[in-house]
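Trainee: For reference, the structure I am asking about is given below.
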Amino acid sequence: MPLEQINIISLIKGCSQNNRISQRDMYQWLHGYAMKISYRYIHQQEEAEEMVSEAFVKLFKNIAQFDSSRQDDQEALLKAWFKRILVNTCIDHLRKTQLKMVSYDVTPETEPMIEKQESGLDKIAYQEIILAIRKLSPVYRTVFNLFVIEGFSHEEIADTLKISVGASKSNLSKARNNLRKIILEKKAYKQYA
């Protein structure tokens with residue numbers, strides 16, 4: 001077993017025993033990773049930090065449930081488990097504060113239109129995409145992030161956000177349309193600037 005695995009396992013064990021030094025080390029190790037994920041859902045730094053802190057509290061409270069006996073890559077498993085906690089924490093926060101679900105069901109007439117709109121965006125810089133995603137409304141941004149970045153299925157999104165599968169598809173379609181508009185407007189502005 002590699003040294004990194006042993007350190008991660010001892011870190012997990014220390015955190016499950018409420019060892020403050022282990023918790024500090026875990027926090028320092030995962031903080032940057034957590035902030036990147038939190039920023040996908042929350043724009044303000046203070047709020048994003050708050051969600052990260054809340055997710056760490058949940059992590060430390062439930063770390064004894066993490067199965068460190070599996071022989072898989074402990075780092076990847078722990079990060080995936082923590083990512084799920086963090087994404088759910090951000091979604092819960094958005095649901096409480098600002099997420100007003102737009103619920104449009106997909107009808108046979110709109111289904112072909114949605115499928116056509118699911119083509120990829122033109123190739124643009126990563127930062128431009130991130131800035132454009134941040135301009136989306138909270139509901140569109142959340143569905144887009146869950147589907148495109150986190151890899152959730154429409155069924156998982158519907159279950160997580162308590163909406164219909166059709167609403168998930170519709171919100172994703174509208175998010176992509178809005179992203180196209182934002183990016184095209186930015187390109188047009190750059191052209192004339």
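Trainee: Filter the cross-link list Lys36/Lys181; Lys83/Lys162; Lys96/Lys181 down to pairs whose alpha-carbon distance in this structure exceeds 23 Å.
Mentor: Lys36/Lys181; Lys96/Lys181
Trainee: For Arg24 paired with Leu131, estimate the spin-label separation in nm (one decimal), with each label point 7 Å from Cα along the Cα-to-Cβ line.
Mentor: Calculated label separation equals 3.9 nm.
Trainee: How much length, in nm to one decimal, is gained on full extension between Thr97 and Lys13, taken as 0.36 nm per residue of separation minus their Cα-Cα distance?
Mentor: 26.7 nm
Trainee: Sorting Arg180, Arg20, Arg84, Arg141 on the 10 Å Cβ count, fewest up front, what's the list?
Mentor: Final ranking by Cβ density, sparse to dense: Arg20, Arg84, Arg180, Arg141.
Trainee: Quick check: pseudo-label points 7 Å beyond the Cα along Cα→Cβ at Val57 and Ser164, how many nm apart are they?
Mentor: Distance between the two pseudo-spin positions: 3.7 nm.
Trainee: Starting from the Cα of Ala64, step 7 Å along the direction of its Cβ; do the same at Asn177; then give the gap between the two resulting points in nm.
Mentor: Placing both labels 7 Å beyond Cα along the Cβ direction yields 5.1 nm.
Just so you know, all these numbers are worked out from the coordinates, no wet-lab data involved. Keep in mind that this is a model prediction, so the values were computed, not measured. For neighbour counting, all protein chains shown are included, and Cβ atoms are generated from backbone atoms with ideal geometry for every residue, glycine included.
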